[in-house]
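What follows is a short report on a single structure.
The values are calculated or read from the model by the stated rules, or taken from the named source; none is laboratory data. Note that the structure is predicted; figures quoted are calculated from it, not measured. Glycine also receives a Cβ, built like all others from the backbone with ideal geometry; neighbour counts cover every protein chain displayed.
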């Protein structure tokens, strides 16, 4: 309790003779801002100015909204729907001008209500707390159902999909973080091998992303990596699989080279897949040399399916199991599959088994396989082809034109003959030869 004429200072900044909320917030080290109705910035303290890198004078009246045209600062301060509804709320936002983070801003909103306001909301007081590091993927809380789904998905991509020697190489690749270059024919299983490496590695809890370089325009690939929320700015991607990187323009290749040779701890692991070794594309002038020297440290070859006849039963069984069909195949069915050349490799086998499983509706038998497979195996004769007889085809075409000319000429033989480039007598003789009835003869 104070004596004399000095009023108590409780609740006031030191040196203040009366309470002024601006002076109260002015001395706070917590960044504070105030939004008026319409979400416009009405006040911000010096701590906020230092954090935002902007002065109150130049930011006054800023509409804090998350719309597409908004600035990063306006989007970071935008009140949540809960706050606009008059309920306290908080949100984690990318720190301006960074659009992907870290660092992040934890923004808390406290609505101010007024009885005379039409909607009850008078303004919003906000505070900002800086989160300097992103939350590591390993400590994120993952719902049990999502974790179980992830485990079931990973079970489809185990090294035993391949021969023992290649399986051992894939396990070794999963234990390292070096860039891998996978070589193989289309459909041989390069993307599957990349997923096996991903799920066998330390980044298995993060996302696997496949980028088809030859399937998209270069600007779309560039936007995928460096656009808003792109792969280059997130720590949630564990492995990026580039399919045929030589199909990209050289400037995009250079940007990818800069990204994946960076030692930043959040950089994802790179795996490339192509039909040829990296050195072959370098020598052909389609690929930057650094992709061979720096981004293909470990090169693995995926053999075509025709060279993996002993693996065919296991591969077919795994594919059927993934389709939800009974995985066991009898010897007769396997013999038909083994007799195929499989130019499309495992991808073609997977498509054939998907068609077979849909028609079988139960255990897959030889008779359920597509007919072309049974024909190639010599179990059925190819369908008889229609004879290539020219005369009937020409006669049918001639009759069609005569009928059309007569219809257009409304039965007038002279006009019909002129349309066909014939004399009236020639038209009569052709109609006789075609055996048209007298009612269809020209008049």
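Being surrounded by fewer than 17 Cβ atoms within 10 Å (Cβ to Cβ) and assigned to a helix (DSSP H, G or I) is the filter; apply it to the range 168-183 and report the residue that is nearest to the chain's Cα centre (by Cα).
171
Have a look at 362, 421 and point out the one that is loosely packed, with under 13 Cβ neighbours inside 10 Å and at pLDDT below 85.
Testing whether each residue is loosely packed, with under 13 Cβ neighbours inside 10 Å and at pLDDT below 85 leaves just 362.
I'd like to know if the range 294-301 contains one or more residues that are in a loop (DSSP other than H, G, I, E, B), at pLDDT 90 or above and out of contact with any helix residue (DSSP H, G or I) (no Cβ under 9 Å at 6 or more places or on another chain).
Looking through the range 294-301, at least one residue is in a loop (DSSP other than H, G, I, E, B), at pLDDT 90 or above and out of contact with any helix residue (DSSP H, G or I) (no Cβ under 9 Å at 6 or more places or on another chain).
What about residue 372, is it in a loop (DSSP other than H, G, I, E, B) and exposed (fewer than 15 other Cβ atoms within 10 Å of the Cβ)?
no
Need the failing condition index for residue 190 against (1) more than 22 Å from residue 314 (Cα to Cα); (2) surrounded by 15 or more Cβ atoms within 10 Å (Cβ to Cβ); (3) touching a residue at least 40 places away in the same chain (Cβ under 8 Å), just the number.
(1) is the only condition that residue 190 fails.
Kindly indicate which of 97, 102, 111 is part of a loop (DSSP other than H, G, I, E, B) and either touching a helix residue (DSSP H, G or I) at 6+ places or on another chain (Cβ under 6 Å) or modelled with pLDDT of 90 or more (or both).
97
Out of the range 218-240, which residues are modelled with pLDDT under 85 and in a loop (DSSP other than H, G, I, E, B)?
227, 228, 229, 230, 234, 235
Would you say residue 262 is assigned to a loop (DSSP other than H, G, I, E, B), more than 15 Å from the chain's Cα centre (by Cα) and modelled with pLDDT under 90?
Criteria met by residue 262.
Looking at the range 217-234, which of its residues are over 12 Å from the mean Cα position of the chain (by Cα) and in contact (Cβ under 8 Å) with a residue 24 or more places away in the chain?
Once the filter is applied, which keeps residues that are over 12 Å from the mean Cα position of the chain (by Cα) and in contact (Cβ under 8 Å) with a residue 24 or more places away in the chain, the range 217-234 yields 218, 222, 226, 228, 229, 232, 233, 234.
Taking only the range 143-167 into account, find how many residues are outside any helix (DSSP H, G or I) and either modelled with pLDDT of 80 or more or surrounded by 11 or more Cβ atoms within 10 Å (Cβ to Cβ) (or both).
Final tally of qualifying residues: 6.
Only residues in the range 98-123 that are outside the structural domain of residue 70 (by TED's automatic domain parsing) and under 14 Å from residue 38 (Cβ atoms) count as the first member; pair them with residues that are at pLDDT below 60 and part of a loop (DSSP other than H, G, I, E, B), Cβ under 6 angstrom, at least 6 apart or cross-chain, and list the lot.
Within 6 Å, no pair qualifies.
Looking at residue 367 and the list (1) under 26 Å from residue 170 (Cα atoms); (2) modelled with pLDDT under 90; (3) in a helix (DSSP H, G or I), which single condition is not satisfied?
Checking residue 367 against (1) under 26 Å from residue 170 (Cα atoms); (2) modelled with pLDDT under 90; (3) in a helix (DSSP H, G or I), the one that fails is (1).
Which residue pairs have Cβ atoms closer than 9 Å, lie 6 or more positions apart in sequence or on different chains, and pair a first residue in the range 312-334 that is at positive phi with a second residue that is at pLDDT below 90?
324/357
For (1) in a loop (DSSP other than H, G, I, E, B); (2) touching a residue at least 12 places away in the same chain (Cβ under 8 Å); (3) farther than 16 Å from residue 230 by Cβ, each residue gets a yes or a no:
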site	(1), (2), (3)
253	no, yes, yes
273	no, yes, yes
279	no, yes, yes
282	no, no, yes
287	yes, yes, yes
290	no, yes, yes
